[in-house]
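Peer 1: Below is one structure. I have some questions about it.
A short reminder: the numbers here are calculations on the coordinates, not readings from a lab. Note that the structure is a prediction, hence the values are computed from the model and not measured. Here the Cβ positions follow ideal geometry from the backbone for every residue, glycine too, while neighbour counts run over all protein chains shown.
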Amino acid sequence: MALGHVLLGLLAQGERHGYDLKRQYDARFPMAKPIAAAQVYATLERLLRDGLVAPGGTERAGGPDRTAYGMTAAGRQELDEWLAQVEPPSPFVSNPLAVKVTLALLVAGDERAAGYLQRQRAAHLARMREYTRITTHPDTSLAGVLAADYALNHLDADLRWIDTALARVATLAEELQP
Amino acid sequence: MTSTPPDSGTDEDLLVAGRALVRSYGHSPALRGISVGTRRGEVLAITGPSGSGKSTLLLCLAGILRPDAGEVWYAGRRIDTESEAERSRLRRTRFGVLFQFGQLVPELTAAENVAMPLLLAGVKRRPALTAAGTWLDRFGVADLAGQRPTEMSGGQAQRVAMARALVTEPEVLFADEPTGALDTLAGEQVLTQLVRVTRQAGTTVLMVTHDAKVAAYADREIVIRDGMADDGAPTSALRGALGRTGAR
Ligand SMILES: Nc1ncnc2c1ncn2[C@@H]1O[C@H](COP(=O)(O)OP(=O)(O)OP(=O)(O)O)[C@@H](O)[C@H]1O
Ligand SMILES: [Mg+2]
């Protein structure tokens, strides 16, 4: 996913200055990795070069970004195409947690594996409590709730996988028992 | 009320406490010496795999099942040795219980089901039904007041059961899988409401769940495996599994 598409998405509702776009980005994706204003300007220039955005009418006094940009027809088409495209499900699990739990189960020994798994669960749950406070707080924006939901479900998936892994290892050991 | 941590405090610091609880069904042990305690106003989640003893633990703490060994305390009073009549009075007046299965009376409407604990406590029919209506409304099922359980979806019946568990404004709510039959969003609504209502009233909540997302609504979690608290020591499953492969 390129930042260009994301900016096009943010421009879909109307013209914006570069700095507005950065602020919009921060508000819409509160838990994403932050982007620098410079990144936004550079990307806007590229979009401009490709004819996907065009300078709008308004001039702002002073300020480094005096130009507001709007989406062109080509930009709209590019955005629609991108939104319609399926994101390829990730073929690899490269999460360090998955690697560590696997090693803990296979080689760490029962005491250490059990202790580690318990602490990992506690850490996950503490973070899930924080996100739950966000999703249930009446002042949280919809964007904030969506981001927290995403995080919650992924943390939950980690925990489910850990439990399944534990059960599988146990079942396998039973089968190996003479 | 002191802030002694539940595991190290004396039983008087805790509103509900179980100590070294053992309970078997026939010859198969469901609880094997678990201790658990909760402070007043706390929301505690009890989680663990299926069959680990969560429901059994909750039933023991709520004074419904008698443990074979160990002690159950409520507000500084030992309840597992009390008579059935005393414990049932305690349940009627101080406890709200939401069971995992078969909770509503099929012959009664939703409103009558919810009003039932009040009627049993001697409240007159009309105010009891009014209160029932208020609680049904809090859980978004006011329009089901006249319907019988067989005419409701599983999730709707669960909300009605929740209203019934809270209608007496109990000091302690024992809830077994409070969102079992609900999808994510409906579960979230019910839990948000549950936590809001109980926090406002200072109700202590012990809720059993196998779902970490539900446990995340609680202040604290205890994990039970094989009828024992998971304190980071290997369970029998893990011991069996890693005994041969573990490099120790
Ligand atoms: N009424 C009963 N008669 C016989 N055995 C029972 C009874 N109730 C529970 N058990 C057994 O006791 C153990 C613990 O059961 P319990 O219902 O407490 O588990 P649980 O953690 O609540 O499981 P679940 O998540 O599936 O509800 C299980 O092995 C179960 O088979
Ligand atoms: Mg159960």
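Peer 1: When the label point is put 7 Å from the Cα of A:ALA12 along its Cα-to-beta-carbon vector, which residues of segment A:122-148 have a backbone N closer than 16 Å?
Peer 2: Residues A:143 qualify, since their backbone N sits under 16 Å from the label point.
Peer 1: For chain B, evaluate the Debye formula with one uniform point scatterer on each Cα (no solvent term) and list log10 I(q)/I(0) at q = 0.11, 0.12, 0.16 Å⁻¹, rounded to two decimals.
Peer 2: Per q value, in the given order, log10 I(q)/I(0) is -0.59, -0.70, -1.18.
Peer 1: For A:LYS22, list the lysines whose Cα falls under 17 Å from its own Cα; do not include residues on the same chain fewer than 8 positions away.
Peer 2: Here the lysines satisfying the reach criterion relative to A:LYS22 are A:LYS33.
Peer 1: Going 7 Å from the Cα of B:VAL22 in the Cα-to-Cβ direction, what parts of segment B:33-73 have a backbone nitrogen less than 11 Å from that spot?
Peer 2: Of the residues in segment B:33-73, B:33-34, B:68-70 have backbone N under 11 Å from the label point off B:VAL22.
Peer 1: As I understand it, the value is the acute angle between the Cα axis of helix A:142-176 and the longest principal axis of the Cα atoms of chain A; what does it come to in degrees, rounded to 10?
Peer 2: On a 0 to 90 degree scale, this one is about 20.
Peer 1: Between A:ARG119 and A:ALA74, what is 0.36 nm times their sequence separation minus the Cα-Cα distance? Round to one decimal in nm.
Peer 2: Roughly 11.0 nm would be gained on extension.
Peer 1: To the nearest Å, what is the center-to-center distance of segment A:22-48 and segment A:103-122, using C-alpha atoms only?
Peer 2: 40
Peer 1: Ok, one more. If Lys and Arg each add +1 and Asp and Glu each add -1, what is the summed charge of the other residues whose beta carbon sits under 15 Å from the beta carbon of A:ALA73?
Peer 2: -4
Peer 1: Give the angle, between 0 and 90 degrees and rounded to the nearest 10, that separates the Cα long axis of helix A:96-107 from the longest principal axis of the Cα atoms of chain A.
Peer 2: Long axis of A:96-107 versus the principal axis of chain A: about 10 degrees.
Peer 1: Please report, in debye to the nearest 20, how large the charge dipole of the protein assembly as shown is about its Cα centre when each Lys and Arg carries +1 at its beta carbon and each Asp and Glu carries -1 there.
Peer 2: 660
Peer 1: For chain B, what relative contact order do you get, as a whole percent, if you take Cα pairs closer than 8 Å and at least 6 residues apart?
Peer 2: 26
Peer 1: Classify segment A:3-84 from the C-alpha gyration tensor, please: rounded if a/c falls under 1.5, else prolate or oblate depending on whether a/b exceeds b/c.
Peer 2: Note, shape of segment A:3-84 comes out oblate.
Peer 1: Applying the Karplus parametrisation 6.51 cos²θ - 1.76 cosθ + 1.60 with θ = phi - 60° to the phi angles of segment A:76-83, what ³J(HN,Hα) value in whole Hz is obtained for each residue in order, glycine and proline being reported as x?
Peer 2: Computed from phi, the couplings for segment A:76-83 are 4, 5, 4, 4, 4, 5, 5, 5 Hz.
Peer 1: Counting Lys and Arg as +1 and Asp and Glu as -1, each charge on the Cβ, what is the dipole of segment A:3-84 about the Cα centre in debye, to the nearest 20?
Peer 2: That gives segment A:3-84 a dipole magnitude of about 240 debye.
Peer 1: Just check the protein assembly as shown against the gyration tensor rule for me: Cα atoms, a ≥ b ≥ c as the square roots of the eigenvalues, rounded for a/c under 1.5, and otherwise prolate or oblate depending on whether a/b exceeds b/c.
Peer 2: Note, shape of the protein assembly as shown comes out oblate.
Peer 1: Towards the positive end of the charge dipole of the protein assembly as shown, with charges on Cβ (+1 Lys, Arg; -1 Asp, Glu), say which of A:GLN39, B:THR203, A:LEU105 has the farthest Cα.
Peer 2: The one lying farthest along the dipole's positive direction is B:THR203.
Peer 1: Quick one: what do you get for segment A:96-176 if you divide its Cα Rg by 2.2 N^0.38 Å?
Peer 2: So the Cα radius of gyration is 1.35 times the expected 2.2 N^0.38 Å.
Peer 1: Neighbouring Cβ atoms within 10 Å as the yardstick, rank B:LYS124, A:LYS22, B:LYS54 fewest first.
Peer 2: B:LYS124, A:LYS22, B:LYS54
Peer 1: To test your reading of the geometry: what angle, between 0 and 90 degrees and rounded to tens, separates the Cα axis of helix B:236-245 from the longest principal axis of chain B?
Peer 2: With rounding to tens, the tilt is 40 degrees.
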